1. Just reorder Lys55, Lys231 by solvent-accessible area, largest first, 1.4 Å probe, all chains present.
2. Going by Cα centres, segment 256-288 and segment 402-455 are how many Å apart?
3. When the Karplus curve 6.51 cos²θ - 1.76 cosθ + 1.60 is applied with θ = phi - 60°, which whole-Hz ³J(HN,Hα) does each residue of segment 425-442 get, with x for Gly and Pro?
4. Tell me, what ³J(HN,Hα) does each residue in segment 337-343 have, in order and in whole Hz, if you take phi through Karplus 6.51 cos²θ - 1.76 cosθ + 1.60 with θ = phi - 60° and put x for Gly and Pro?
5. Going by average Cβ neighbours within 10 Å, how do the peptides 151-164, 103-116 rank, with the highest at the top?
6. Please report, in Å, the Rg and the Dmax of segment 240-476, where both are computed over Cα atoms only.
7. Could you size up the charge dipole of segment 231-367 around its Cα centre, putting +1 on the beta carbon of Lys and Arg and -1 on that of Asp and Glu, and report it in debye to the nearest 20?
8. Can you run phi through the Karplus equation (6.51, -1.76, 1.60; θ = phi - 60°) for segment 453-459 and list ³J(HN,Hα) in whole Hz, with x for Gly and Pro?
Amino acid sequence: MAISFATIALPDLLHAKEGLSLDDTQASWFGSISFLAEPLGALISGPLVDYVGRKKGTFLVNIPHLIAWTLMYFAWDLPSLFVANGLLGFGSGVMEAPINSYVGEISEPAVRGALCTLTLLFISLGIFVMYLLGTLVTWRYAALISLSLPFASMLLVLLVPETPVWLLVNGKEKEALKSLCYLRGWTKPENVREEFDQLADYSQNLRNCVICTNNDQDIKTCDHASMNWFKRTLLKFRYVFFCKETLRPLQFTMLYFLFYVMSGLTPIKPNMVNICGAFGMPQNGKQIVMMVGIITCLSSAFAIIAIKILGKRKLAISALFMSSVCCVGLSIYAKIHLGKEVFSYDVTTFPKETSYTPLVLFYLLTWFTACGIPWVLLGEIFPFRSRASAQGIAAASYYLFTFLGSKTLIDLETYARLWGAFATYAAFGFLGTIYLYFFLPETEGKSLAEIESFYNGKLRIFPDDPFFNYFKRQKKK
């Protein structure tokens with residue numbers, strides 16, 4: 001939400017003749033400062049949600065947005081404006097672990113992918129509404145209207161139960177059974193008994209002392225509760241985080257986020273309106289931004305269906321590959337048709353001629369970017385003990401990469417112009433496609449325990465198609 005707000009506010013703030021005004025450097029920082037605050041929020045979100053629970057965590061993380069939107073509406077100078085945008089970024093980051101953990105833990109394997117993608121659809125809808133507000137009202141009134149959303153979110157959270165797994169791990173069996181009955185359609189306990197027993201067995205192992213488990217000690221004689229608190233915390237952190245089940249999916253998601261972010265659309269979002277003008281797109285910049293919101297919503301809805309038909313693996317690989325192809329197209333167009341003087345941070349250099357070619361390529365880039373599923377995988381790929389904190393670290397890496405990507409756009413453009421910037425994004429996308437081809441497992445229809453098993457034992461690669469299998473057979477001969 002912070003980045004979409006920056007997108008609609010920047011054109012009005014950049015070299016404004018009245019009120020608050022930003023120069024080129026300030027505009028670059030305003031568009032990316034939220035990304036600098038988001039990693040901090042994401043890192044805090046994991047320990048928060050582990051301590052207070054998924055439900056309470058989802059309720060509390062709305063508070064930074066309440067403060068930020070209020071401050072944004074009343075912003076009286078540049079520092080207050082930057083603090084408000086930074087708070088929006090912090091609030092977005094701190095939301096990651098509770099939301100992803102909650103959706104992943106309440107869902108059955110058959111619908112988990114669709115539900116995780118549904119959260120992305122609502123995010124896309126929120127971005128579209130923000131872009132729409134940018135075409136209808138000033139940025140201050142957009143902030144005022146947005147203030148109602150955290151209140152609505154907090155009220156809705158009160159209507160849902162805590163996740164059964166978290167309740168079981170914390171010894172609340174009656175509440176866990178009641179929660180599971182509610183989540184499975186207000187059914188009777190006997191109808192969910194089999195699933196509840198499986199969750200109880202799974203959670204029983206999680207309640208065991210992780211230090212004893214990793215040192216082959218008898219759990220019945222465990223005395224680690226009396227150990228020095230700091231030393232016990234360090235040991236638990238070591239055994240929970242520095243294990244294959246956590247480090248391997250963490251490495252995977254961080255690299256996926258890097259390739260996803262740097263594949264074209266995300267780094268240019270703060271300066272999207274001006275990028276469209278620099279390419280000579282025939283539509284008004286704010287109209288294009290609104291269309292981006294609509295396309296993102298439609299693409300997210302398409303992804304829900306595509307996951308059920310294709311699975312997550314094929315969708316993710318093909319989406320990243322096609323994003324790269326679109327970046328290549330935009331790079332070639334910029335190299336051939338845009339003069340050396342064109343610079344997206346200087347509206348006086350924009351070309352007078354317009355063309356629909358970059359507009360079509362840009363809309364296609366938006367579609368394929370929205371089909372990416374790193375956030376869906378984030379909700380299901382980590383083991384329970386490290387899930388919330390690992391999700392927070394992975395989300396922090398996404399925001400860090402996004403900050404670096406958006407902050408370096410001006411440098412890429414300065415030294416390599418627009419064609420060089422999009423050529424760089426295309427290279428990242430193609431590298432990411434290769435990486436996903438080898439290391440992305442198919443998680444659709446798999447239980448959380450089955451997904452955890454992918455990262456036990458030896459390091460695995462996951463291609464399973466005629467092309468790869470042919471070379472695999474040739475190697476065995």
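The values are calculated or read from the model by the stated rules, or taken from the named source; none is laboratory data. From a predicted model like this one, the values you see are computed outputs, not experimental measurements. Cβ placement follows ideal geometry from the backbone for every residue including glycine, while neighbour counts extend to all protein chains displayed. Ligands, DNA and RNA are stripped out before the accessible areas are found, and what is left, the full protein with its side chains, is counted by its heavy atoms. Shrake-Rupley method; radii C 1.70, N 1.55, O 1.52, S 1.80 Å.
1. Lys231, Lys55
2. 16 Å
3. Per-residue couplings from phi come out as 5, 5, 4, 4, x, 5, 4, x, 4, 5, 4, 5, 4, 8, 10, 8, x, 7 Hz.
4. Those phi angles translate into 9, 9, x, 5, 7, 5, 9 Hz.
5. So the order, starting with the most tightly packed, is 103-116, 151-164.
6. Over segment 240-476's Cα set, Rg and Dmax evaluate to 19.4, 62 Å.
7. 1040 debye
8. Ordered by residue, 3J(HN,Hα) equals 5, 4, 10, 8, x, 6, 5 Hz.
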